[in-house]
Amino acid sequence: MECVFGLVGNDYAIVVADTSAVHSILVHKSNEDKIMVLDSHKLVAASGEPGDRVQFTEYIQKNVALYQFRNGIPLTTAAAANFTRGELATALRKNPYQVNVLMAGYDKEIGPSLYYIDYIATLHKVDRGAFGYGSYFCLAMMDRHYHSGMTVEEAIDLVDKSILEIRSRLVVAPPNFVIKIVDKDGAREYAWRESVKPDAA
């Protein structure tokens with residue numbers, strides 16, 4: 001029932017994920033952040049089995065940090081995406097991860113980029129992408145409204161339209177979403193869209 005999607009604008013990339021931790025017919029929590037800050041200018045949004053998702057994204061994060069520690073320079077977004085694809089491809093022949101990944105990043109020379117990596121280690125550089133049941137609706141919205149050169153405000157408006165469409169039409173729609181952005185100033189949380197507030201206790 002998960003939904004993860006993202007898009008690239010002129011000088012930024014945005015990724016969005018639902019925040020529901022679900023097993024069978026139970027919702028365990030509604031504030032699970034599924035978008036990991038990989039390093040100062042990279043984000044990884046993942047969907048899939050919770051154990052695989054957490055373990056795999058942490059493994060990628062630590063290996064990207066290790067590369068920078070050993071070599072003194074960070075991986076580019078393309079290099080990090082190819083490393084991630086390689087790890088998924090290796091695991092595919094042994095003990096596969098049930099994880100789909102959208103990796104967004106910003107590189108000084110190249111600008112923003114978004115990479116689509118699925119659980120069978122398919123890698124594509126895309127302008128917009130999505131995973132999960134919600135992808136049927138947000139991909140349709142992005143096909144209709146997305147255009148290159150969108151401002152951040154236009155992109156957030158499109159994100160809100162996509163979230164509204166998912167909530168309106170998906171029978172098991174997740175109530176809450178987190179939005180994160182990466183640009184020349186770094187990767188950071190942008191906003192939450194909550195229709196169910198987590199228990200304060």
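Numbers at a glance
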{"item": "DSSP beta bridge pairing in the stretch 61-146, given as percent antiparallel to the nearest 5", "result": "100"}
{"item": "The stretch 152-201, Cα convex hull volume normalised per residue, Å³", "result": "93"}
{"item": "The stretch 1-59 - Debye-derived log10 I(q)/I(0), Cα point model, q = 0.16, 0.26, 0.28 Å⁻¹", "result": "-0.54, -1.15, -1.26"}
{"item": "Straight-distance crosslink candidates among lysines, where the alpha carbon sits under 16 Å from Lys184 and sequence neighbours closer than 8 are dropped", "result": "Lys42, Lys108"}
{"item": "Partner lysines for Lys29 [C-alpha distance under 19 Å; skip if fewer than 8 residues away on the same chain]", "result": "Lys197"}
{"item": "Over the chain: helical MRE at 222 nm, DSSP H runs n ≥ 4 each giving -39500 (n - 2.57), nearest 500", "result": "-11000 deg cm²/dmol"}
{"item": "Amide H contacts of Tyr190 (H built 1.01 Å from N, under 5 Å, at least 5 apart or other chain)", "result": "Ile179, Lys180, Ile181"}
{"item": "Cβ crowding within 10 Å averaged over residues, with 13-23, 140-150, 62-72, 171-181 ranked highest first", "result": "13-23, 171-181, 140-150, 62-72"}
{"item": "Accessible area of the stretch 86-201 belonging to carbon and sulfur atoms, whole % at 1.4 Å probe", "result": "49"}
{"item": "Å² per residue, accessible surface of the stretch 1-150 at 1.4 Å", "result": "49"}
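The values are calculated or read from the model by the stated rules, or taken from the named source; none is laboratory data. None of the values given here were measured: they were computed from a predicted structure. When we count neighbours, we look across all protein chains shown, and the Cβ atoms used for this are built from the backbone with ideal geometry, even at glycine. Ligands, DNA and RNA are stripped out before the accessible areas are found, and what is left, the full protein with its side chains, is counted by its heavy atoms. Shrake-Rupley method; radii C 1.70, N 1.55, O 1.52, S 1.80 Å.
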